[in-house]
Amino acid sequence: MAAFTTPVKTWGAEVLSIVDINTYLRDNLQYLYDNRVTKIAESIAVGAVANINFSSIPSTYRNLYIVLQARGDTAATNAQLYVQFNGDTGNNYDSELIDGSGSAAWAGAENVAFAQMVLGIISAANAPASVAGQTRIDIANYAAAVFQKTALSRTGFKLANSTTNVQTGLAAGFWRSGAVITSILLKPSAGNFIAGTSAQLYGEM
């Protein structure tokens, strides 16, 4: 009688048993489950809005991140992106923003004991038509009442269709509070966000 052999599958040049394949799938599905991302909320402006406010944020995730594509209506090529947590409008924020273009890095903008964090730049009314700035903000360990809350961001924007005017930047922000973050407000430093501005809030496990 022929001996029973476990069926095999080829994976590239390697021969894998069904047990190997099941183990691979199990481990990768577990990784995807452990590192899953959920969209908590989304805001898309249908007209000019002074701010975007994500409220009642659940505390069931480890980290948060925001993806923002925005253009403002102030009469300038750009505006700064302001961020506040939990409705705190006091001078309880510290942040640093640097940006540059090509091989040049411009001077950083440091704000200490400020009423908000400066975490990005958006294009505004005097920028080329239909141009919007994009920013991603990462907020670590937002639901643990331990350290001051921190945020890191990267941003890209265009001031004109010419050299040195396509720019990118990095920012870091600190909120002088260890409170659990339950709301996040985004607003331009001047004017409003215009129609089409979009922001999504995601939670990471």
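The values are calculated or read from the model by the stated rules, or taken from the named source; none is laboratory data. Small disclaimer: the values here were computed from a predicted structure and weren't measured. Note that each Cβ is placed from the backbone with ideal geometry, even for glycine, and that neighbours are counted across all protein chains shown.
Test Gly133 against the criterion of being in the same structural domain as Asp88 (by TED's automatic domain parsing), farther than 18 Å from Ala104 by Cβ and small (Gly, Ala, Ser), and give yes or no.
Yes: the conditions hold for Gly133.
Looking only at the range 155-169, filter to residues that are touching a residue at least 60 places away in the same chain (Cβ under 8 Å) and crowded, with 18+ Cβ neighbours inside 10 Å; which one of those is nearest to the chain's Cα centre (by Cα)?
Applying the filter and picking the extreme gives Thr155.
Considering each residue of the range 83-142, count those that are over 17 Å from the mean Cα position of the chain (by Cα) and within 16 Å of Arg176 (Cβ to Cβ), and give that number.
Qualifying residue count, the range 83-142: 15.
Residue check: is Gly87 at pLDDT below 95 and surrounded by fewer than 22 Cβ atoms within 10 Å (Cβ to Cβ)?
Answer is no for this residue.
For Leu29, state whether it is assigned to a strand (DSSP E or B), over 22 Å from the mean Cα position of the chain (by Cα) and either loosely packed, with under 10 Cβ neighbours inside 10 Å or modelled with pLDDT under 75 (or both).
No; evaluated as a whole, the condition is false for this residue.
Consider Asp94 carefully, then state whether it is acidic (Asp, Glu), assigned to a loop (DSSP other than H, G, I, E, B) and under 19 Å from Trp175 (Cα atoms).
It is false that Asp94 is acidic (Asp, Glu), assigned to a loop (DSSP other than H, G, I, E, B) and under 19 Å from Trp175 (Cα atoms).
Table: residues versus (1) closer than 25 Å to Ile194 by Cβ; (2) assigned to a strand (DSSP E or B); (3) not assigned by TED's automatic domain parsing to the domain that holds Ile194.
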| position | (1), (2), (3) |
| --- | --- |
| Ile137 | yes, yes, no |
| Tyr142 | no, no, no |
| Thr150 | no, yes, no |
| Ser153 | yes, yes, no |
| Gly156 | yes, yes, no |
| Ala160 | yes, no, no |
| Thr163 | no, no, no |
| Gln167 | yes, yes, no |
| Ala171 | yes, yes, no |
